[in-house]
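A short write-up of the structure that comes next.
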Amino acid sequence: MSRKKKNRITVGGNIPRPGQKGARTIVLTQPKRFGIDIADFTASIHAAENVDYSRRYKLYDLYSDILMDTHLYSVIDKRIKAVLATNIEFRRNGKPDEEINEQIRSPWFRRCIEDILSAQWWGFSLMQFYKNKQWIDYDLIPRKHADPVRKIILRHQTDITGTPWDEYADLLFVGDADNLGLLAKAAPWVIYKRNT
């Protein structure tokens, strides 16, 4: 049995940003936005549902584009804010556990709740957790670079092979590998509204 990696999955562009050292695990590409139509939507769904080589990057670019629609964004934001307004408290033996509740009140936990909720919209969320001084923290793995069906991390969004995410000890997958998310249902309506 192989040992699981403890190193962090790093993200960046082709040109390192100030302070970035070493090679990046994931090389980001700017999303393609604007000028999309139903043909783009159909092609991206077909590519995402390809049985042998699912490729979701075009679909996720389309999702990034439709989320610029103010009505769709506000509906999603309203649902997220309602959940974030809920008071969460961890109790042990009927008494609040202040050490855990301090983590629950921290900014990373609010982001985590948002990313867990976003799994409904996008189909999944993949997070890598680590210790950041006294806090737990995590990075959301860019969805365009994660293949949930084959459970691999893609260096470039167009790759068809990658690193199995089972090699990492600190990843949390939320969602369903085959689910394309609720944004797939919303996309045609945003596209029709925009193009009429």
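The values are calculated or read from the model by the stated rules, or taken from the named source; none is laboratory data. Remember, predicted model here, so these are calculated numbers, not experimental data. A quick note on method: Cβ atoms are made from the backbone with ideal geometry, for glycine too, and the neighbour counts reach across all protein chains shown.
Would you mind telling me which numbered condition in (1) assigned to a helix (DSSP H, G or I); (2) more than 30 Å from ASN50 (Cβ to Cβ); (3) touching a residue at least 60 places away in the same chain (Cβ under 8 Å) SER74 fails? Single failed check for SER74: (3). Residues in the range 149-193 that are under 18 Å from ASP52 (Cα atoms), part of a strand (DSSP E or B) and touching a residue at least 60 places away in the same chain (Cβ under 8 Å): ILE153, THR163.
From the list LEU154, LEU172, LEU140, the lone residue that is at pLDDT 90 or above and over 14 Å from VAL11 (Cβ atoms) is LEU172.
Here ALA146 meets each of (1) in contact (Cβ under 8 Å) with a residue 24 or more places away in the chain; (2) within 22 Å of LYS32 (Cα to Cα) with one exception, condition (1).
The combined condition, being under 23 Å from ALA186 (Cα atoms), in contact (Cβ under 8 Å) with a residue 12 or more places away in the chain and either part of a strand (DSSP E or B) or out of contact with any Lys or Arg (no Cβ under 8 Å at 6 or more places or on another chain) (or both), is not fulfilled by ARG110. Filter the range 43-70 down to the residues that are assigned to a helix (DSSP H, G or I) and without any contact (Cβ under 8 Å) to a residue 40 or more places away in the chain, then identify the one that is farthest from ALA119 (Cα to Cα). The extreme case among them is ALA43. Checked across the range 89-98, the condition of being of a type in the set (S, T, N, Q) and closer than 25 Å to LEU172 by Cα holds for no residue. For the range 127-145, filtering for residues that are buried (at least 16 other Cβ atoms within 10 Å of the Cβ), touching a helix residue (DSSP H, G or I) at 6+ places or on another chain (Cβ under 7 Å) and among the aliphatic types (A, V, I, L, M) leaves 2.
Quick grid of which residues meet (1) surrounded by fewer than 17 Cβ atoms within 10 Å (Cβ to Cβ); (2) of a type outside the set (Gly, Ala, Ser); (3) at pLDDT 90 or above; (4) within 30 Å of ASP159 (Cα to Cα):
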{"position": "PRO31", "(1), (2), (3), (4)": "yes, yes, no, yes"}
{"position": "PHE34", "(1), (2), (3), (4)": "yes, yes, no, yes"}
{"position": "ILE38", "(1), (2), (3), (4)": "yes, yes, no, yes"}
{"position": "SER44", "(1), (2), (3), (4)": "no, no, yes, yes"}
{"position": "ARG56", "(1), (2), (3), (4)": "no, yes, yes, yes"}
{"position": "SER74", "(1), (2), (3), (4)": "yes, no, yes, no"}
{"position": "GLU99", "(1), (2), (3), (4)": "yes, yes, no, no"}
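Collect the residues in the range 39-65 that are in contact with a Pro (Cβ under 6 Å, 6 or more places away or on another chain) and of a type in the set (S, T, N, Q), keeping them in residue-number order. Hit for the range 39-65 is SER64, nothing else.
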